[in-house]
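> Right, I'll just put the structure down here and ask away after.
The values are calculated or read from the model by the stated rules, or taken from the named source; none is laboratory data. All of these numbers come straight from a predicted model, not from anything done at the bench. Ideal geometry is used to build each Cβ from the backbone, glycine not excepted, and the neighbour counts take in all protein chains shown. The area values use the complete protein model at the heavy-atom level, side chains included, leaving out ligands, DNA and RNA. Shrake-Rupley method; radii C 1.70, N 1.55, O 1.52, S 1.80 Å.
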Amino acid sequence: MTIKRTLHLALTATVALLAALPAPAAAQQQDSAAVRALLDQRDREIKDLVGPEGAEYTEAQREQLKDIINGIIDYRSMAAYALQQTWDTLSVEERDEFVEVFSTVVRDQSMNNLDIYRARVEYLAIRVNGDSARVHTTVMQDASRIPVHYDMNYDGEWTVTDIVIDDVSTAESYRSQYQRIISQRGYQVLLEALRKRAGRG
Amino acid sequence: MQLRFLLFALLLCVAVPAATAQDTLSVSLQEFIRQGTENSGQLEFEQEKVRLANNRIDQARSQRYLPRFELNTQHGVVPGVKSDRTDLSENEYYLDPNLDNDWENWGLYTRAEVSAVQPVFTWGALSSAVKAAEAGADAARHEFDSRQAGLELRLYELYHSYMMTRELQRLLDEARGRIEEITSQLEQMQEEGNQDFDQSDLFKFRVFRSEFDMRAAEVRENMDYIRRIWNYVLQADPGTVYVPEPQFLDPVNNVLRELSYYRGNALKSRPELQGIDSGIRAAEFGLKATRSQALPTLFVGLSGSYANTPNRPRQSNPFIINNTNYATGALGFGIRQNLDIFGISTRIERSRIQLEQAQDARSAAMDGIVLELNDHYKNASLSRSRLERLDEALTTTKEWLRQEQLDYDLGFGDTKDLLDALRKELELRVQIEREVFEHNKNMAELFKAAGLPITHLSMNQP
């Protein structure tokens, strides 16, 4: 219940800003021009789907939106980073389950505030170094601007491994939180909390 | 008639929106400063001083050519003369001791006298006076530049005040929504008897909300005040609203160089020092001109006089001057020496004191500028450092807030910690906006103290 709705804003922003990111199957080129073209294309797709302010969505449209927005995140890598040594102790099935609930929570959060997908995105710099890239953008929403940086990795396709929103790393935040919960209460408590959160939708 | 009605209706359609709608115009810093200085009564006053100084140059130059050139004329009616002697012609009337006025024969009397003096050699007194006046005009121009630089600095601060206050309004508007929502959620938790609810949290938050409202009211008042000043400075008509062109207030990113750079530039470019240098030159030439006044001057003099009265015959004898009918002229050299030795000596002494005073003023001004520069350099350096520390603190607070939000989302959160983080984040954001303003102001003051144009400070893009 609760204050969470307020809190969802930042979490939503975390996921929402993925709107500008390339589709999993899109990127083969590793140069910045190609990355930029993919980002632009992805941004247009998201904006077309979100439509104007006050638009209503069917369940199918919402799912489609979730897919486009979140399809680019490398949840497995983010989950492994967040769990650190605990990840190594999990079986394949346990890892799959964790990634499943983790991604569900993030996907749900991504739909809390659709306004953010309508924001204008300015690309400041795209730096590609081998199979990794850093994209610097500024999201202009209403009268505010939020610096957003994406860390991307290329392994057959471009995926996002971290998003730094307003100077705060998403992957680092999850890692810090999960490590604290695991050390204080144990992995099962964390998993249970994530399951509960995923169940709320 | 129908056409008149139609035109009237059309006029109403046009006039009503024009009277109610307000145009919003974006103004760049350069344009704001330009318009502000153009509309300044104080600068206009200073400009008049420059015009007066230029007028003194013309006055000094005019003393070099015919400084005295006069024409006097007299006109009237006078009676004629009559003589009973028949053996005298009209141009021999002066030989008749019984010559009488003829009160029945009135005639028009005209007399004109012209005199001119042209200095030939003055021991440099005149050219020194011109140079002193020119140097005085230079000093007046530098004084004007100094006043203008001061005004530009105040306009720069006013421009940035608008941007800062607008940023604070944005922050408070964003925060208001969050505060209202959290307050209602806390109250809802209270009503539902939620175990996580702590009464003291609600009290604390209500106090915070009241403080926030107070601060928001101050910012609103400040914004209204700044807008009024803006309208006055830009002489805006009631239908126009001016706003700063850049959307966001960013710190100027000019590199803070070594103090010696600003000091060197100040000694070279500060209008106050240039004005004092001109003042010293003016005093030197003034002393030279005063000294020259103690020496004799050579001049050429010209004078001519002519009188004519038709009813009074002119006497041809050159030794006989008839004041109503004659013509005479003279041209020659002359020497003029002012013998008021004590008066001249006093004036020379006064000029010498004025020169020493101007030289002392330079030393005093340099001391003042160096102290001022040190002061502004320290302020700029400190504010930049404070800004960096505040940025670090804000980043830490944002991380803290994100943690609290994530914890709350998973059901591990603590209301008090979350509210503390929210509050601290808002406080730091407000503090940073104020510090950005201070930093930009300090940099502008440093630039002015160094004699650098403040428009060379970088501005963020609109």
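> Identify all residues within segment A:142-165 that are modelled with pLDDT of 90 or more and more than 14 Å from the chain's Cα centre (by Cα); write none if there are none.
Listed by number, the list holds a single entry, A:PRO147.
> So which residues in segment A:154-182 are buried (at least 16 other Cβ atoms within 10 Å of the Cβ), in contact (Cβ under 8 Å) with a residue 24 or more places away in the chain, more than 10 Å from chain B (Cβ to nearest Cβ) and not in a helix (DSSP H, G or I)?
Selection gives A:TYR154, A:TRP158, A:THR159, A:VAL160, A:THR161, A:ASP162, A:ILE163.
> Taking the conditions exactly as written (among the basic types (Lys, Arg), in contact with a strand residue (DSSP E or B) (Cβ under 8 Å, 6 or more places away or on another chain) and without any contact (Cβ under 8 Å) to a residue 12 or more places away in the chain), does B:ARG154 satisfy them or not?
Considered against the rule, which asks whether it is among the basic types (Lys, Arg), in contact with a strand residue (DSSP E or B) (Cβ under 8 Å, 6 or more places away or on another chain) and without any contact (Cβ under 8 Å) to a residue 12 or more places away in the chain, B:ARG154 comes out as no.
> Tell me which residues, restricted to segment B:326-342, are surrounded by 11 or more Cβ atoms within 10 Å (Cβ to Cβ) and not in a strand (DSSP E or B).
B:ASN338, B:ASP340
> Is there a residue in segment B:420-442 that is facing chain A (nearest Cβ under 9 Å) and free of Cβ contacts under 8 Å to residues at least 40 places away in the same chain?
no
> Please tell me if A:ARG185 is buried (at least 19 other Cβ atoms within 10 Å of the Cβ), among the basic types (Lys, Arg), farther than 18 Å from A:ARG76 by Cβ and more than 15 Å from the chain's Cα centre (by Cα).
no
> Now for a separate question. Which of the residues that make up segment B:392-402 are within 8 Å of another protein chain (Cβ to nearest Cβ) and open to solvent by 30 Å² or more (accessible area, probe 1.4 Å)?
Across segment B:392-402, the qualifying residues are B:THR395, B:GLU399.
> Something else: Among the residues of segment A:39-71, which ones are hydrophobic (A, V, I, L, M, F, W, C) and assigned to a loop (DSSP other than H, G, I, E, B)?
Selection gives A:ALA55 alone.
> State which residue pairs qualify: first residue touching a residue at least 12 places away in the same chain (Cβ under 8 Å) and farther than 21 Å from B:ASN317 by Cβ and inside segment B:69-93, second residue surrounded by 12 or more Cβ atoms within 10 Å (Cβ to Cβ) and of a type in the set (Asp, Glu) in any location, beta carbons under 9 Å apart, and separation of 6 or more residues or different chains.
B:GLU70/B:GLU113; B:LEU71/B:GLU113; B:ASN72/B:GLU113; B:THR73/B:GLU113; B:GLN74/B:GLU113; B:PRO79/B:ASP102
> Output the residues belonging to segment B:174-186 that are more than 9 Å from chain A (Cβ to nearest Cβ), open to solvent by 40 Å² or more (accessible area, probe 1.4 Å) and closer than 16 Å to B:LEU418 by Cβ.
Once the filter is applied, which keeps residues that are more than 9 Å from chain A (Cβ to nearest Cβ), open to solvent by 40 Å² or more (accessible area, probe 1.4 Å) and closer than 16 Å to B:LEU418 by Cβ, segment B:174-186 yields B:GLU180, B:SER184.
> Take the conditions more than 30 Å from B:ILE320 (Cβ to Cβ) and in contact (Cβ under 8 Å) with a residue 40 or more places away in the chain and apply them to B:ASP173. Does it pass?
no
> If I filter segment A:105-123 for residues that are touching a His at 6+ places or on another chain (Cβ under 9 Å), more than 11 Å from chain B (Cβ to nearest Cβ) and in contact (Cβ under 8 Å) with a residue 12 or more places away in the chain, do I get at least one hit?
Yes: one or more hits.
> May I pose another question? Kindly evaluate B:PHE203 against the criterion of being in contact (Cβ under 8 Å) with a residue 40 or more places away in the chain, more than 30 Å from B:LEU371 (Cβ to Cβ) and more than 14 Å from every other protein chain (Cβ to nearest Cβ).
no
> Could you run through segment A:132-153 and say how many residues are more than 9 Å from every other protein chain (Cβ to nearest Cβ), open to solvent by 30 Å² or more (accessible area, probe 1.4 Å) and hydrophobic (A, V, I, L, M, F, W, C)?
Result for segment A:132-153: 1.
> Here's another thing I want to ask about it. Of everything in segment B:413-455, what is open to solvent by 40 Å² or more (accessible area, probe 1.4 Å) and farther than 23 Å from B:LEU371 by Cα? Give them in sequence order.
B:ASP414, B:LYS416, B:ASP417, B:ASP420, B:ARG423, B:LYS424, B:GLU427, B:ARG429, B:GLN431, B:ARG434, B:THR455
> Here is a check on your reading of the model: is B:ASN323 in contact with a strand residue (DSSP E or B) (Cβ under 7 Å, 6 or more places away or on another chain), in a loop (DSSP other than H, G, I, E, B), open to solvent by 60 Å² or more (accessible area, probe 1.4 Å) and over 30 Å from B:GLU31 (Cα atoms)?
yes
> Determine whether B:ARG350 is among the charged types (D, E, K, R), within 14 Å of chain A (Cβ to nearest Cβ) and assigned to a helix (DSSP H, G or I).
Taking the combined requirement at face value, the residue does not satisfy it.
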